[in-house]
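Peer 1: Take this structure, written in structure tokens, and hold onto it; I'll ask about it next.
The values are calculated or read from the model by the stated rules, or taken from the named source; none is laboratory data. Given the structure is predicted, the values throughout are model-derived calculations rather than measurements. When we count neighbours, we look across all protein chains shown, and the Cβ atoms used for this are built from the backbone with ideal geometry, even at glycine.
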Amino acid sequence: MRHTRTTKPSTTYREIRAKHTPKTITVYQAYSPTIAIPALEAQTFVPPFSRSRMTWIKPSFLWMAYRSGWASKPNQEHILAIEITREGFEWALRNSCLSHYTPGNDIERDEWQAKMRASPVRVQWDPERDLDLGFRPLNHRSIQIGLSAEAVGMYLDRWIVSITDVTGVMKKVEGLLKDGDVEGARACLPEETVYPLSEELQELLKMGRM
């Protein structure tokens, strides 16, 4: 199957771009073999994965490549593509709190701190990365979603549809870039298009603000 990446001519500052179907969305995580291999066999995360720790999911393949150093950093040697239900993904967004306070938001700092402590999900927006070996930061932001408390159990037990190891794809993209074949590398990327969200969720995630 040929993978491509769709880029809009003009991308808004905060926008969720992901591989998705009418019922699912794909997110990425990087783990050591001791966690990744049992997860692939069980098609969910099992010990030594800890349900008591926050776990971060990322819809951007390139941001995952940046974070893991092309699957070379310690304990990030396996890149997993986790297909989850859109219902679960949107539950996470609906029950999230932004991880950083921005003056001028609709709530005061102390209210935001209380909400963050109570929320099972955290969201942060980080610079998306370009398709190059140096991961040049782009002007628009990519979403990272941290799951904790009951959200972790729901993720593991209800949301996951499939888990696939895509480390080979990531290594192939890196190799093509090292050979100077940018277009070949681009053709290997998963297709990521804008994920549609309701106005309510866009406002909750402050997607229209810089």
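Peer 1: Please name all residue pairs, on different chains or six or more residues apart, with Cβ atoms under 6 Å, provided the first residue is in region 139-155 and is touching a residue at least 40 places away in the same chain (Cβ under 8 Å) and the second residue is crowded, with 20+ Cβ neighbours inside 10 Å and among the hydroxyl-bearing types (Ser, Thr, Tyr).
Peer 2: Between residues of region 139-155 that are touching a residue at least 40 places away in the same chain (Cβ under 8 Å) and residues that are crowded, with 20+ Cβ neighbours inside 10 Å and among the hydroxyl-bearing types (Ser, Thr, Tyr), the close pairs are Ser142/Ser60; Leu147/Tyr155.
Conditions (1) under 15 Å from Phe61 (Cα atoms); (2) in contact (Cβ under 8 Å) with a residue 24 or more places away in the chain; (3) in a strand (DSSP E or B), marked per residue:
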position	(1), (2), (3)
Ala92	no, yes, no
His100	no, yes, no
Asp110	no, no, no
Asp132	yes, yes, no
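Peer 1: Now a separate question. For Thr55, are the conditions met, namely being closer than 22 Å to Val194 by Cβ, at pLDDT 90 or above, of a type in the set (Ser, Thr, Tyr) and touching a strand residue (DSSP E or B) at 6+ places or on another chain (Cβ under 7 Å)?
Peer 2: For Thr55, the condition - closer than 22 Å to Val194 by Cβ, at pLDDT 90 or above, of a type in the set (Ser, Thr, Tyr) and touching a strand residue (DSSP E or B) at 6+ places or on another chain (Cβ under 7 Å) - is not met.
Peer 1: Further, regarding this structure: Among the residues of region 1-46, which ones are outside any strand (DSSP E or B), charged (D, E, K, R), modelled with pLDDT under 95 and within 23 Å of Asn139 (Cα to Cα)?
Peer 2: Arg5, Lys8, Glu15
Peer 1: If I filter region 141-150 for residues that are charged (D, E, K, R) and either in contact with a Leu (Cβ under 6 Å, 6 or more places away or on another chain) or surrounded by 18 or more Cβ atoms within 10 Å (Cβ to Cβ) (or both), do I get at least one hit?
Peer 2: There is at least one residue in region 141-150 that is charged (D, E, K, R) and either in contact with a Leu (Cβ under 6 Å, 6 or more places away or on another chain) or surrounded by 18 or more Cβ atoms within 10 Å (Cβ to Cβ) (or both).
Peer 1: List the residue pairs whose Cβ atoms are under 6 Å apart, where the first residue sits in region 182-210 and is in contact (Cβ under 8 Å) with a residue 24 or more places away in the chain and of a type in the set (Ser, Thr, Tyr), the second is outside any helix (DSSP H, G or I) and surrounded by 18 or more Cβ atoms within 10 Å (Cβ to Cβ), and the two are 6 or more positions apart or on different chains.
Peer 2: Pairs found: Tyr195/Ile16; Tyr195/Ala18; Tyr195/His20.
Peer 1: For a quick check of your reading: which helices (runs of 4 or more DSSP H) sit entirely within region 142-204 and have at least 2 residues that are over 26 Å from Ser32 (Cβ atoms)?
Peer 2: Qualifying helices (runs of 4 or more DSSP H): 182-188, 199-204.
Peer 1: So Leu138 clears everything in (1) more than 15 Å from the chain's Cα centre (by Cα); (2) more than 27 Å from Leu176 (Cα to Cα); (3) among the aliphatic types (A, V, I, L, M) except one condition, right? Which one?
Peer 2: So the condition that Leu138 fails would be (2).
Peer 1: Would you check which residues across region 47-80 are assigned to a loop (DSSP other than H, G, I, E, B) and either farther than 25 Å from Pro137 by Cα or under 11 Å from the mean Cα position of the chain (by Cα) (or both) and list them?
Peer 2: Pro47, Pro48, Phe49, Ser50, Arg51, Ser52, Arg53, Met54, Pro59, Ser60
Peer 1: Ok, one more. Only one of these conditions is not met by Glu83: (1) part of a helix (DSSP H, G or I); (2) surrounded by fewer than 20 Cβ atoms within 10 Å (Cβ to Cβ); (3) in contact (Cβ under 8 Å) with a residue 12 or more places away in the chain. Which number is it?
Peer 2: (1)
Peer 1: Say we look at region 25-35 and pick out the residues that are under 16 Å from the mean Cα position of the chain (by Cα) and either aromatic (Phe, Trp, Tyr) or surrounded by fewer than 21 Cβ atoms within 10 Å (Cβ to Cβ) (or both); which of these is farthest from Arg129 (Cα to Cα)?
Peer 2: Tyr31
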